[in-house]
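Accompanying notes for the structure given below.
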Amino acid sequence: MTKIEHSPCFVAGEPDIRACDAARLPAVLDNITVIQPRRGWVNVDWRELWSGRELLYFLVWRDIKVRYKQTVIGAAWAILQPVCTMVIFSLIFGAFAKIPSDGVPYPIFVYAGLLPWTFFSNAVSQSSQSLINQARLVTKIYFPRLFIPASSIGVGLVDFALSFVVYVGLMLWYSHVPGASILLLPVLLMLTAVAALGTGIFMSSITVAYRDFRIVVPYMVQIWMYLSPVVYPTTIVPEQFRWVMALNPMTGIIGGFRGVLLNQPVDWHALGVAAIVSVVILIAGICNFRRMERRFADIA
Amino acid sequence: MSSSALRVHEIGKQYKLGSRETTRRNFGEALLHGLGAPLRRLRYLGEKSNGDDLFWALRGVSFDVEQGDVVGVIGRNGAGKSTLLKILSRVVHPTEGRAEIRGRVGSLLEVGTGFHPELSGRENIYLNGTILGMKRDEIRRKFDEIVAFSEIEKFLDTPVKRYSSGMYVRLAFAVAAHLEPEVLIVDEVLAVGDAAFQRKCLGKMGDVAGAGRTVLFVSHNMQAVSHLCNKAVLLDKGRIRESGPAREIIENYIRGSVSNDADSEIVHARTTPDAAVMIDAVTTSCNGALTREFDLAQPIRLKISYTVRRPREGIYLVFTVRTLLGLPVFTPSNADMDDEDEPFEHQGALDPAPHSGTAEIEIPPYVLNAGTFEINVASYAPGHGTVDLVTNTIITVHDSGSYASRPFNRSRDGLVLCRLPWRLTQDVLQTQGA
């Protein structure tokens, strides 16, 4: 029943807290949560991320589940989108503008580029907005916030898988057989995910503080597409500008996808640069995110 | 001391006024905001921290909570209650100070955080449970229990957006209630659901507390706080004003919010300026001395002065003793007097002729239990209602220990003490001997 004993310890103005600490430290050392102000750069708590991995799974599962609820054709949208884009691009850039496609039929050429690009652009747009879209979650409950932008990548992966099925169909239609280098595809996909994750995490944390980026990000993604060799091959870019283009990780990644899918030589140099830049973006993104994270609940 | 589940040391949270960003609703607003942003930023940089725009939502808050304590955090709106809970749930970062929590923390700052309207009840149980920090196996194990508690079995596979708000809240609370953290932090979430469900929620929280867990609970429902909590922290403008036994703190808090004249022997609040029978004054005394403080071993003498200003038949005097939470304890009346010569309707009624008089009543010792009570005195005409009402006479009954120490060494539960004649009979046990 009711407890009436009142300990004198329960009073404001507790004296030296460290003195009490020492007495009880041995018993429950790793079970104590310490809350105190932190300034500057904060380490990532990998252990916490690992123990919360189920949550990441559920957040991804939720996004996938919700995405096509109450739609008539459901997951077919994931296929329809890139296919329509492919058809339009083939007409405009391939048939009318006569953009070269390295000797491959233009539809298959542009689709090989659209595969990683659609994944990347959707993932970046989604995860950039993810924190403000889920502000309620951020302001009402504690969990590793990195999961929010990170989980937004998951839906993109599923869409990628679906649109890849279409690509297989295209390959059959054009009787185009990829070589053994197709085995590199998972590595390339992972690299795309790293680039998208880094950019998304970076942008999501900035967007919380400066809502300007709500407008900037979609525009940025749009421009980014034209700066990446999605509708054109890198070979049409003058030699002296190619190194600048390579700084854009999507240049190397899309080049890699094309090389692997269309059985062409892969530009390893550009791919290496892409890998380095992607990792740098990811690290910068996480660092910035952790630095701003403590203010999220105040400003979200 | 070593069993502290939670220690808070000089915690403070500072906000910058005006820096709180609001979501832009439409594109035009967004565009304007975008255009104005450079200007605004420059202005912010220009007037850097002159101190005026800084606001401490919480400052210098320190307290300790023992394991198994149920602590009510009370205070007026804006006192910093929610900020405190948010800091302890790690949602918000403190500006200064330090807090330590031992064990797993579960916090429920809002019912249904993380629910997705498109997902079914079943799916949301898993999603919400994981967000609150449960493992999947744990949810699977408690799934049936959660469903039973929420009473939504039939709608388990319906998207929650089709739920009535009551169903929604029930499900959300059910999930949260089955979280089994060592420290549970609950913000005002019980103001939802119907009365039956609220009782169920309170019961569930009582169970949680009974299982030796520590609960931190914010509510404006003093009844709930006094029912659930054994300790309380009273916050006022971001600082701790008082902390200690729940009942005491709650009473002080309520008394603080009711205007109370210290030395008043006199009328406090009158509803009717021109009543036929006016209550002029209400005083309480003990052993001839006016006082508002009593020991439960002492009689409480109540003196009511009244005036019958116009001839009026059939008026009675009544008074109600209430707890500060508004629960009536009893309502005696002078109609209770035995006067067998008078016909029943006039029994104990005041003399209808204009006069002034006093009524003295004594509440015997060992009737009211320790606590603070409000006495409302009224003149009352059956069939017509209250004629004149005087409220706000507040008395406190203390337990100096005489009663408590016999032999339980703690006060008895309840509003009134009830000393009954007990008759015990005993039988000799038939031991089955070999």
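The values are calculated or read from the model by the stated rules, or taken from the named source; none is laboratory data. Here the structure is a predicted model, which means the values were calculated and not measured. We place every Cβ from the backbone using ideal geometry, glycine too, and count neighbours over all the protein chains shown. Note: accessible area is taken over every heavy atom of the protein model, side chains too, but ligands, DNA and RNA are not part of it. Shrake-Rupley method; radii C 1.70, N 1.55, O 1.52, S 1.80 Å.
What the table below lists for this structure:
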quantity	calculated
Residue, least open to solvent (accessible area, probe 1.4 Å), within region B:283-342, restricted to residues that are among the acidic types (Asp, Glu) and more than 15 Å from B:GLY371 (Cα to Cα)	B:ASP339
Leading residue by the ranking (nearest to B:VAL189 (Cα to Cα)) among those in region B:210-242 that are in a helix (DSSP H, G or I), within 13 Å of chain A (Cβ to nearest Cβ) and open to solvent by 10 Å² or more (accessible area, probe 1.4 Å)	B:LEU228
All positions within region B:119-137 that are within 10 Å of chain A (Cβ to nearest Cβ) and in contact (Cβ under 8 Å) with a residue 24 or more places away in the chain	B:LEU119, B:SER120, B:ASN124, B:ASN128, B:GLY129, B:LEU132, B:GLY133, B:MET134
Tally, over region B:366-388, of residues that are in contact with a strand residue (DSSP E or B) (Cβ under 8 Å, 6 or more places away or on another chain) and farther than 17 Å from B:ALA335 by Cα	9
From the options A:ILE283, A:ILE254, residue that is open to solvent by 70 Å² or more (accessible area, probe 1.4 Å), modelled with pLDDT of 90 or more and hydrophobic (A, V, I, L, M, F, W, C)	A:ILE283
Enumeration of residues in region A:196-229 that are more than 11 Å from chain B (Cβ to nearest Cβ), over 16 Å from the mean Cα position of the chain (by Cα) and open to solvent by less than 10 Å² (accessible area, probe 1.4 Å)	A:SER228, A:PRO229
One residue from B:LEU415, B:LEU424, B:LEU420 being at pLDDT 80 or above, farther than 30 Å from B:PRO311 by Cα and touching a Phe, Trp or Tyr at 6+ places or on another chain (Cβ under 9 Å)	B:LEU415
Residue within region B:102-124 that is among the basic types (Lys, Arg), open to solvent by 10 Å² or more (accessible area, probe 1.4 Å) and closer than 18 Å to B:THR214 by Cβ present	yes
Failed item in (1) closer than 20 Å to B:GLY68 by Cα; (2) in a helix (DSSP H, G or I), with B:ALA148 passing the rest	(1)
Criterion violated by B:VAL92 - all others in (1) in contact (Cβ under 8 Å) with a residue 60 or more places away in the chain; (2) open to solvent by 50 Å² or more (accessible area, probe 1.4 Å) satisfied	(2)
Residue count, region A:61-80 (criterion: in a loop (DSSP other than H, G, I, E, B), away from every other protein chain (no Cβ under 14 Å) and open to solvent by less than 60 Å² (accessible area, probe 1.4 Å))	1
Extreme residue, farthest from A:VAL66 (Cα to Cα), among residues of region B:98-118 that are in contact with an Asp or Glu (Cβ under 8 Å, 6 or more places away or on another chain) and more than 7 Å from chain A (Cβ to nearest Cβ)	B:ARG104
Long-range neighbours under 8 Å by Cβ, at least six apart or interchain, first residue away from chain A (no Cβ under 12 Å) within region B:60-77, second surrounded by fewer than 20 Cβ atoms within 10 Å (Cβ to Cβ) and assigned to a strand (DSSP E or B)	B:GLY75/B:ASP236; B:GLY75/B:ARG241; B:ARG76/B:ASP236
The one condition in (1) open to solvent by 20 Å² or more (accessible area, probe 1.4 Å); (2) more than 26 Å from B:PRO117 (Cα to Cα); (3) within 14 Å of chain A (Cβ to nearest Cβ); (4) of a type outside the set (A, V, I, L, M) that B:LYS161 fails to fulfil	(2)
